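Notes to accompany the following structure.
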Amino acid sequence: MFRRLLISVGALVAVVALAVVFAQEKKEPEKVDLPQMKFDDVKEIAPGVFFRYSSISATDKTVPFGGSNNTWVVFKDYVIVIDANFPKEADDVLAAIKKTTDKPVKYVFDTHHHGDHAWGNTVWAKAGAKVIGSKDCARLLKTSGPKDWKAEQDKVDGRADIKKNELKLVDQDFSDTLALDDGTQRVEFHFLGHAHTPGDAVAYLPKHKILCTGDMCVNGAFNYTGHADTASWIKVLQKAEKFDVKLVCPGHGPVADKDVLAKQRRWFEDLRAAVKQGIDDKKELKDITAGLRFEWYEKWTGVPAKSRDENIEHVYKELTGKIDHSKLGL
Ligand SMILES: [Zn+2]
């Protein structure tokens, strides 16, 4: 009898312990009210933290591309801006910042070297800011920036803001992390590995549980993989998912809760698995593409997976050994 009691108590303890472990592991992301925003809207998403939602659409061609989203954080004496955007949009963002604070912009952080995230550096520098970026963001902006900038200037229908401005490089780079903290606000920059580009880094605001991801995570069918390492990208997203996050400010698309990181990861996991299966079955790229169907992706982004040719082709080339990831972005 005693033995039986002991066994049942033991079993109960085990069940409770298991339930606790399970509850901890299955901790659902905190439910948050996401701000409803129209393009170019600015919202204070946490005390002293502002988000500007840039126009973009994967389905409506009449929506102009407004560059990257922007987040800015108001410290005691200065402002930090996340992503430089294009020069024209940087002017718009600077005007929007002035409506929220009279403090000067002291730093702008390039999440990566692409034009819609870094080419506005020139505007921020003229406004007195220092440019921060990861080592590889700084390297790629320095090596490929001048020729990319010139190519845009030489285009007949190239961007007017590039024609009349000049490229501004990163002033202060970092290897793994860099933090700015004045006791009222804290912003941490983290390099987590090669994702959308070799130089991707994120900005994390621990006090507000906000993660600004650049294009390492987008909310919608906005992934560009030209400079990506999708296997490494998955690992980078797994690292990002370990952060204590309530709100994700993606590089493009609306503000999201933490779930968007898992969706972004699942896209590359499922895509790589499907393309690998196709290669194993000796199918050609066009047939693999035609056969792609992820209902969850379509539900998330509004577009079918098979329409994401650029992503699919990049993964196909990666899996058939045609990409040297160390040379991407150069
Ligand atoms: Zn990009």
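Yes or no, residue by residue, for (1) more than 23 Å from residue 173 (Cα to Cα); (2) more than 16 Å from the ligand (Cβ to nearest atom):
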{"position": "81", "(1), (2)": "no, yes"}
{"position": "86", "(1), (2)": "no, no"}
{"position": "91", "(1), (2)": "yes, yes"}
{"position": "101", "(1), (2)": "yes, yes"}
{"position": "105", "(1), (2)": "no, yes"}
{"position": "111", "(1), (2)": "no, no"}
{"position": "115", "(1), (2)": "no, no"}
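Test residue 170 against the stated conditions and say whether it is within 21 Å of residue 69 (Cα to Cα), in a loop (DSSP other than H, G, I, E, B), away from the ligand (no atom under 15 Å from the Cβ) and of a type in the set (Val, Ile, Thr). So residue 170 passes the test. All conditions but one from (1) touching a Ser or Thr at 6+ places or on another chain (Cβ under 6 Å); (2) surrounded by fewer than 24 Cβ atoms within 10 Å (Cβ to Cβ) apply to residue 249; the one that does not is (2). The set of residues in the stretch 98-146 that are surrounded by 24 or more Cβ atoms within 10 Å (Cβ to Cβ) and either assigned to a loop (DSSP other than H, G, I, E, B) or polar (S, T, N, Q) (or both) comprises 110, 111, 112, 113, 114, 119, 120, 121, 129, 134. Filtering 45, 56, 80 for residues that are β-branched (Val, Ile, Thr), modelled with pLDDT under 95 and under 24 Å from residue 261 (Cβ atoms) leaves a single hit, 56. Just one of the listed residues (199, 193, 214, 183) is modelled with pLDDT of 95 or more and over 13 Å from the mean Cα position of the chain (by Cα), and it is 183.
Each row is one residue, and each column tells you yes or no for (1) buried (at least 24 other Cβ atoms within 10 Å of the Cβ); (2) of a type in the set (Lys, Arg); (3) farther than 24 Å from residue 246 by Cβ.
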| site | (1), (2), (3) |
| --- | --- |
| 55 | no, no, yes |
| 62 | no, no, yes |
| 67 | yes, no, yes |
| 70 | yes, no, no |
| 74 | no, no, no |
| 77 | no, no, yes |
| 82 | yes, no, no |
| 88 | no, yes, yes |
| 96 | no, no, no |
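Of all residue pairs spaced 6 or more apart or on separate chains, those with beta-carbon atoms under 7 Å, a first member in the stretch 294-323 that is among the acidic types (Asp, Glu) and a second member that is at pLDDT 95 or above are 298/304; 298/305; 309/289; 310/224; 310/225; 313/285; 318/230.
Quick one: how many residues across the stretch 205-248 are away from the ligand (no atom under 15 Å from the Cβ) and either of a type in the set (Lys, Arg) or closer than 15 Å to residue 34 by Cβ (or both)? Matching residues across the stretch 205-248 total 12.
Do we find that residue 127 is within 16 Å of the ligand (Cβ to nearest atom) and assigned by TED's automatic domain parsing to the domain that holds residue 143 in this structure? Explain how you work it out, then say what you get.
On the way: within 16 Å of the ligand (Cβ to nearest atom): no; assigned by TED's automatic domain parsing to the domain that holds residue 143: yes.
Judged against the criteria, residue 127 is not a match.
Under the condition of being within 24 Å of residue 325 (Cβ to Cβ) and part of a loop (DSSP other than H, G, I, E, B), the residues counted in the stretch 230-256 number 3. For the stretch 136-146, residues that are closer than 17 Å to residue 107 by Cβ and not small (Gly, Ala, Ser) total 2.
Of all the criteria given as (1) in the same structural domain as residue 56 (by TED's automatic domain parsing); (2) assigned to a helix (DSSP H, G or I); (3) away from the ligand (no atom under 16 Å from the Cβ), the one not satisfied by residue 290 is (1).
The values are calculated or read from the model by the stated rules, or taken from the named source; none is laboratory data. The structure presented is a predicted model; accordingly, all values stated were derived computationally and were not measured. Heads up, the Cβs are rebuilt from the backbone with ideal geometry, glycines too, and the neighbour counts pull from every protein chain shown.
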